[in-house]
Amino acid sequence: MKEKKRLSIDGGPIKWTSPFAVLKHAERPTDSPDRAAHDQNASTSKRPRTNRGRVDIIRQTAHRGGKTVTVFTGFVGIGQAEKEALAKQMQKVCGAGGTVKNGRIEIQGDQRDAVARILVEAGFRPVLAGG
């Protein structure tokens, strides 16, 4: 029968070793030509390498006097200042007004396609929702 290891209860330090300590000193595998070509293609593509999360793009007309507004929701991990900068860039590209309210970006008019490109360049994954 296997003997169980007991932890000391006298308050002394517990000897702990990370299971990943062996990987710290491991050598990286040599790069193959296929991997080098893949890395080169990845670095030259226009898509950002990081995925900053999903952003829902919604077209709304309700309670706005019949005017269409494009609303962007679901931003995770970005602050108010970055949302305002992103909204300013969207307004400039679309030639329309807009605002940031309650953590959402609102742009006047149906601007879903133009703004989706801006969000992809910023590293987000835009998802078109609503009519």
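The values are calculated or read from the model by the stated rules, or taken from the named source; none is laboratory data. If you're wondering where the values come from, they're calculated on a predicted model, not measured in any experiment. Neighbour counts run over all protein chains shown; Cβ positions are idealised from the backbone, glycine included.
If you scan segment 89-109, which residues turn out to be out of contact with any Asp or Glu (no Cβ under 6 Å at 6 or more places or on another chain), surrounded by fewer than 16 Cβ atoms within 10 Å (Cβ to Cβ) and more than 17 Å from Val76 (Cβ to Cβ)?
The answer is Gln89, Lys92, Val93, Gly95, Gly97, Lys101.
Would it be correct to say that Arg28 is outside any loop (DSSP other than H, G, I, E, B), at pLDDT below 90 and of a type in the set (D, E, K, R)?
No.
What number of residues within segment 84-118 satisfy the criterion of being of a type outside the set (A, V, I, L, M, F, W, C), touching a Gly at 6+ places or on another chain (Cβ under 8 Å), in contact (Cβ under 8 Å) with a residue 24 or more places away in the chain and farther than 17 Å from Ala62 by Cα?
0
Residue-by-condition table, conditions (1) closer than 20 Å to Arg117 by Cα; (2) in contact with a strand residue (DSSP E or B) (Cβ under 7 Å, 6 or more places away or on another chain); (3) not in a loop (DSSP other than H, G, I, E, B):
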| position | (1), (2), (3) |
| --- | --- |
| Ile58 | yes, yes, yes |
| Ala62 | no, no, no |
| Gly66 | no, no, no |
| Phe72 | yes, yes, yes |
| Ala81 | no, no, yes |
| Glu84 | yes, yes, yes |
| Ala87 | yes, yes, yes |
| Thr99 | yes, yes, yes |
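Can you tell me which residues in segment 101-131 are assigned to a loop (DSSP other than H, G, I, E, B) and farther than 14 Å from Gln91 by Cα?
Asn102, Gly103, Ala122, Gly123, Phe124, Gly130, Gly131
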